[in-house]
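S.K.: Have a look at the structure that comes next, please.
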Amino acid sequence: MAQRGRKPKETTVAVKIDHAKLLKQFEQEQQVQLETFYKDLAKIKQKVNYALTHIGFMDDAENLSQAAFKAGRAFGPLDEANDKLEEMLEDIYSKTDLEHWDDINDN
């Protein structure tokens, strides 16, 4: 059966928002994200330092095969560091409207 007459008035309910609480929660989330970002960068720095140490020892090599072996030992950590950096950049890119990290050049 169809309703006759006026529609009943819609009532609105005032919602009380605690802005201080929301701000504190946002600051806590930002702190956790910053700590995670910092720890990831520290891990990358350790891998790069490890690789650079092996590359630095290439000067002590007596022949080409020893130099190649030392360079090969540096490749693994450098590859891991590169993968982690790419993962971090993709994560940031997916959450923002920044230019894609691969499109940015040194110029």
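S.K.: Treat every Asp and Glu Cβ in the stretch 24-101 as -1 and every Lys and Arg Cβ as +1, leave all other atoms uncharged, and give the resulting dipole magnitude about the Cα centre to the nearest 20 debye.
M.R.: Dipole of the stretch 24-101, to the nearest 20 debye: 320 debye.
S.K.: Also: To the nearest 10 degrees, how steep is helix 64-95 against the longest Cα principal axis of the chain, on a 0 to 90 scale?
M.R.: Roughly 10 degrees, rounded to the nearest 10.
S.K.: With θ taken as phi - 60° and the coefficients 6.51, -1.76 and 1.60, list the Karplus ³J(HN,Hα) couplings across the stretch 14-30 in order, rounded to whole Hz; mark glycine and proline as x.
M.R.: For the stretch 14-30, the Karplus-derived couplings read 6, 9, 8, 10, 8, 5, 5, 5, 5, 5, 5, 4, 5, 4, 5, 4, 5 Hz, x marking Gly and Pro.
S.K.: Could you tell me the largest-minus-smallest coordinate of the C-alpha atoms of the chain on each of the three principal axes, in descending order and whole angstroms?
M.R.: 98, 33, 33
S.K.: Given Met88, Asn49, Gln28, which one lies farthest toward the positive end of the charge dipole of the stretch 24-101, if we put +1 on the Cβ of every Lys and Arg and -1 on the Cβ of every Asp and Glu?
M.R.: Toward the positive end, the furthest listed residue is Asn49.
S.K.: What is the count of Lys pairs in the stretch 24-101 whose alpha carbons sit under 27 Å apart, if the two are 8 or more places apart or on different chains?
M.R.: Taking the Cα cut-off of 27 Å, the pair count is 16.
S.K.: Quickly rank 9-16, 42-49 as a protection proxy: mean count of other C-beta atoms within 10 Å, highest first.
M.R.: 42-49, 9-16
Only the coordinates and a few stated rules stand behind these numbers; no lab work does. Bear in mind the structure is a predicted one, so any value in this text is a computation, not a measurement. Backbone-built Cβ (ideal geometry, glycine too); neighbour counts: all protein chains shown.
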